[in-house]
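Let me begin by presenting the structure, written as structure tokens, before commenting on it.
The values are calculated or read from the model by the stated rules, or taken from the named source; none is laboratory data. Here the structure is a predicted model, which means the values were calculated and not measured. Neighbour counts are summed over all protein chains in view; Cβ atoms, including those assigned to glycine, are modelled from backbone coordinates with ideal geometry.
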Amino acid sequence: MKRAIVLLSGGLDSTTCMALADSEGYKICALSFDYGQRHKRELQSSIKVAEYYRVESHKIIKLDNLGGSALTDLALDVPDYNGSNSIPITYVPSRNLIFLSYAGGLAETLNAQAIFIGVNALDYSGYPDCRPEFINAFKEALRFGTKKGIEGTPIEILTPLINLSKSEIVQLACKHKAPLNLTTSCYRGGDKACGTCDSCILRKKGFKEAGMPDPIEYV
């Protein structure tokens, strides 16, 4: 039996990864994190997506809020998209490092062969833990720091979106009939997506370039 851990935020990218894992015949354990994010809409979306795919299990792990990010500190405003190449204030320190570490332990416990994570190095927000260099370094950590790695059956870290544009991700999601109507991408987390934060702008750009309508509502 093939089993995979899918890191599921409830957004476009992670839901696309869920659709790919499902299409490849994996038994899926969805893994989400409550890390003190400023709104719960993404966790609510992750629950809906996991239910849609009838996953084997869905774990939501509660973490302490490290702060230091506009996504976790209500005293910091979420900025509108500005096109800067610098690491934005929405960067959450060590987020993917923590998520992948937990996923690695869970993969060993469940004897899962793979971890899917929807990192992307093209149309993304400039986060250092979304780059191939980070993923390759973490693969090495798993290979040397886990029982499965030492025994010669290392856990795979699968990043099927890492070299895709956002429009290509939208097309891939639609090809695999991912339930994009259940997803959320907005950093502000209102009843309707704000349409102006970095994540909203990238999502809208992806749907526009793919020539497909975005099924969620914007302000």
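Output the residues belonging to the range 143-170 that are out of contact with any Lys or Arg (no Cβ under 8 Å at 6 or more places or on another chain), outside any loop (DSSP other than H, G, I, E, B) and buried (at least 17 other Cβ atoms within 10 Å of the Cβ).
Across the range 143-170, the qualifying residues are LYS148, LEU158, GLU168, ILE169, VAL170.
For the range 15-27, how many residues are surrounded by fewer than 19 Cβ atoms within 10 Å (Cβ to Cβ) and either touching a Cys at 6+ places or on another chain (Cβ under 9 Å) or part of a helix (DSSP H, G or I) (or both)?
Final tally of qualifying residues: 1.
In the range 81-125, which residues are aliphatic (A, V, I, L, M), more than 20 Å from TYR187 (Cα to Cα) and not in a helix (DSSP H, G or I)?
Selection gives ALA112, ALA114, ILE115.
Pull up the range 51-65, narrow it to residues that are charged (D, E, K, R) and farther than 12 Å from LEU7 by Cβ, then point me to the one that is surrounded by the most Cβ atoms within 10 Å (Cβ to Cβ).
Among those residues, the one meeting the criterion is GLU56.
Inside the range 28-50, can you point out the residues that are touching a helix residue (DSSP H, G or I) at 6+ places or on another chain (Cβ under 9 Å) and either surrounded by fewer than 18 Cβ atoms within 10 Å (Cβ to Cβ) or among the β-branched types (Val, Ile, Thr) (or both)?
Of everything in the range 28-50, those that are touching a helix residue (DSSP H, G or I) at 6+ places or on another chain (Cβ under 9 Å) and either surrounded by fewer than 18 Cβ atoms within 10 Å (Cβ to Cβ) or among the β-branched types (Val, Ile, Thr) (or both) turn out to be ILE28, ASP34, LYS48, VAL49.
Does GLY68 qualify as being touching a Pro at 6+ places or on another chain (Cβ under 9 Å), surrounded by fewer than 19 Cβ atoms within 10 Å (Cβ to Cβ) and at pLDDT below 95?
On the way: touching a Pro at 6+ places or on another chain (Cβ under 9 Å): yes; surrounded by fewer than 19 Cβ atoms within 10 Å (Cβ to Cβ): yes; at pLDDT below 95: yes.
Against the criterion (touching a Pro at 6+ places or on another chain (Cβ under 9 Å), surrounded by fewer than 19 Cβ atoms within 10 Å (Cβ to Cβ) and at pLDDT below 95), GLY68 qualifies.
Within the group VAL6, VAL78, which residue is surrounded by 14 or more Cβ atoms within 10 Å (Cβ to Cβ) and either part of a loop (DSSP other than H, G, I, E, B) or among the acidic types (Asp, Glu) (or both)?
Details: VAL6 fails: either part of a loop (DSSP other than H, G, I, E, B) or among the acidic types (Asp, Glu) (or both).
VAL78 is the lone residue from the list that is surrounded by 14 or more Cβ atoms within 10 Å (Cβ to Cβ) and either part of a loop (DSSP other than H, G, I, E, B) or among the acidic types (Asp, Glu) (or both).
Quick check on the range 18-40. Is at least one of its residues over 13 Å from the mean Cα position of the chain (by Cα), charged (D, E, K, R) and under 14 Å from THR184 (Cβ atoms)?
For the range 18-40, residues over 13 Å from the mean Cα position of the chain (by Cα), charged (D, E, K, R) and under 14 Å from THR184 (Cβ atoms): present.
Being of a type in the set (Gly, Ala, Ser), at pLDDT 95 or above and part of a loop (DSSP other than H, G, I, E, B) is the filter; apply it to the range 171-203 and report the residue that is surrounded by the fewest Cβ atoms within 10 Å (Cβ to Cβ).
Ranking the qualifying residues of the range 171-203, first place goes to GLY195.
Based on this model, can you work out whether THR196 counts as closer than 21 Å to ASN85 by Cα, over 18 Å from the mean Cα position of the chain (by Cα) and of a type in the set (Val, Ile, Thr)? It would help to see each step written out before you state the result.
Values: closer than 21 Å to ASN85 by Cα: yes; over 18 Å from the mean Cα position of the chain (by Cα): yes; of a type in the set (Val, Ile, Thr): yes.
So THR196 passes the test.
Six or more apart or on different chains, Cβ under 7 Å: which pairs go from a residue in the range 77-91 that's free of Cβ contacts under 8 Å to residues at least 60 places away in the same chain and of a type in the set (Asp, Glu) to one that's surrounded by 12 or more Cβ atoms within 10 Å (Cβ to Cβ) and in a loop (DSSP other than H, G, I, E, B)? Could you list them?
Filtered contacts from the range 77-91: ASP77/ALA70.
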